[in-house]
Amino acid sequence: MDLLKFIETFNAEIAKRLDVVESRGETNGLMEWVNGRVGNYEVYFLWFPKTKRLAYAVRGPGLRKEEVVNLGSVFEAVAYVERVISQLKK
């Protein structure tokens, strides 16, 4: 089974999980971004496929968090963002 048939680009996968998407896109395979809202929180996600780094920021009532995470693949990046989003929805 080829997992690549089940996952779209990083920005498409993450956009499906946000309540509101304000912007999303990619720049020639160097970076993908998605920003929008999850509940009362503003979220910003940047994925750098060549260096396999995910940078994100979350801002909202009582929360202001920014982090850069080294991950092994786009699959790990999507899973990481899913965990961040699920924590915001609690």
*Name every residue in region 59-74 that is open to solvent by 70 Å² or more (accessible area, probe 1.4 Å) and either assigned to a helix (DSSP H, G or I) or over 14 Å from F45 (Cβ atoms) (or both), in order of residue number.*
P61, G62, R64, N70
*asked:* So the check is Cβ under 6 Å with 6+ separation or different chains; which pairs have a first residue in region 35-54 that's closer than 15 Å to S23 by Cα and a second one that's loosely packed, with under 15 Cβ neighbours inside 10 Å and not hydrophobic (A, V, I, L, M, F, W, C)?
replied: N35/E22; N35/S23; G36/E22; R37/D19; V38/D19; E42/R59
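From the list A77, A12, A55, which one is part of a helix (DSSP H, G or I) and in contact with a Leu (Cβ under 6 Å, 6 or more places away or on another chain)?
The match here is A77.
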*asked:* Condition first: within 12 Å of the chain's Cα centre (by Cα) and open to solvent by less than 70 Å² (accessible area, probe 1.4 Å). Now tell me which residues in region 24-36 satisfy that.
replied: G25, M31, E32, W33, V34, N35, G36
*asked:* I need every pair where a residue in region 74-90 that is charged (D, E, K, R) has its Cβ under 8 Å from the Cβ of a residue that is in a loop (DSSP other than H, G, I, E, B) and open to solvent by less than 80 Å² (accessible area, probe 1.4 Å), sequence separation at least 6 or different chains.
replied: K89/G39
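Can you tell me which residue is surrounded by the most Cβ atoms within 10 Å (Cβ to Cβ) among those in region 7-23 that are closer than 16 Å to S86 by Cα and in contact (Cβ under 8 Å) with a residue 24 or more places away in the chain?
Residues of region 7-23 closer than 16 Å to S86 by Cα: 13-20.
The next check asks that each one be in contact (Cβ under 8 Å) with a residue 24 or more places away in the chain; those that pass are 13-14, 17-18.
On the way: E13: 20, I14: 27, R17: 18, L18: 19.
This residue is I14.
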*Of the numbered conditions (1) outside any strand (DSSP E or B); (2) at pLDDT 95 or above; (3) in contact with an Asp or Glu (Cβ under 7 Å, 6 or more places away or on another chain), I85 fails exactly one; give the number of that condition.*
(3)
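The values are calculated or read from the model by the stated rules, or taken from the named source; none is laboratory data. The structure displayed is predicted, hence computed values, not measured ones. Quick reminder, even Gly has a Cβ in these numbers, built from the backbone with ideal geometry, and neighbours come from all protein chains shown. We work out accessible area using only protein heavy atoms, side chains counted, and drop any ligands, DNA or RNA first. Shrake-Rupley method; radii C 1.70, N 1.55, O 1.52, S 1.80 Å.
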